[in-house]
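Asker: Below you will find the structure I want to go over with you.
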Amino acid sequence: MSSVMTDQALIRTVSWGAIGGIVLTLFLILLGTINASDVNERQRMDRNTRYGASSGATERVKAVGQMNLASNTAASSATTQVAATATAIIDGKKIYNGMCVACHGAGVAGAPRVGDKGAWAERIDKGATTLYANAINGVQGSSGVMPAKGGNPALSDDEIKAVVDYMVAQSN
Ligand code: HEC
């Protein structure tokens, strides 16, 4: 009957198993805690470098201009002016008259004539983003070829956008 465990042996085996289980559980909990605090620490350091005082994040997310509605009108117009100058520097009309008018003024080579609402309605429907992209990158359309930036790569994307805004405003 040697294969049959005595009661004592059975109790011993079960006890060791239980103790082993408890030790293992405690070990895993400890491991988890160590790891978790490590992750927290790493995240904290990461946040610090990304958003901390020295990262310049505050500077980057700062509002461009501020509306000050409460104070007197002189002060508030001065503050709203700040936000407006960025786009005001670019004179879309002037650039248009300088070069885009060559084709778009009279409708040369299939260019939609500025002021011709019929010619622009469908184009405007495509949305400003598409018009900007086609004016910046150029497009071979159904009526002709629009050269990238009207053939003047020296113009910035923002300048082209301002001109497109002007052309659209004149044509709708
Ligand atoms: C060499 C002639 C020419 C010049 C210069 C020119 N364009 Fe064009 N443009 C065209 C033609 C042709 C089309 C029509 C393309 C088509 O859709 O078939 C066009 C179309 C466009 C469209 C409409 C694009 C669309 O998706 O419908 C915009 C916007 C535009 N031009 C902006 C400009 C701007 C801004 C300038 C000046 C920086 C300029 N163009 C200069 C010939 C010209």
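Asker: Determine the alpha carbon to alpha carbon distance for each of Lys62/Lys94; Lys62/Lys93; Lys94/Lys126; Lys62/Lys161; Lys94/Lys149 and list only those over 21 Å. Intermediate results must be reported in sequence, preceding the final value.
Answerer: Values: Lys62/Lys94 32 Å; Lys62/Lys93 31 Å; Lys94/Lys126 25 Å; Lys62/Lys161 25 Å; Lys94/Lys149 15 Å.
Distance filter (> 21 Å) returns Lys62/Lys94; Lys62/Lys93; Lys94/Lys126; Lys62/Lys161.
Asker: Which distance in nm do the two modelled labels at Ser143 and Asn172 give, with both placed 7 Å along the Cα-to-Cβ direction?
Answerer: With each label point 7 Å from Cα toward Cβ, the separation is 1.6 nm.
Asker: List the residues, sorted by chain then number, that are 5 or more residues from Gly65 or on another chain and whose placed amide H is less than 5 Å from its amide H.
Answerer: Those lying under 5 Å, H to H, from Gly65: there are none.
Asker: What order, most packed first, do the peptides 150-161, 92-103 have when packing is the mean number of other Cβ atoms within 10 Å of each residue?
Answerer: Details: 150-161: 15.7, 92-103: 17.2.
Highest to lowest by the protection proxy: 92-103, 150-161.
Asker: Something else: Given labels modelled 7 Å from the Cα in the Cβ direction, how far is it in nm from Thr130 to Asp7?
Answerer: Using points 7 Å along Cα→Cβ, the separation is 8.9 nm.
Every read-out reported here was derived from the displayed coordinates using simple, explicitly stated rules and does not represent laboratory data. Nothing here was measured: the structure is a model prediction, and the numbers come from that model. No Cβ is skipped: glycine too gets one built from the backbone with ideal geometry, and neighbour counts run over all protein chains shown.
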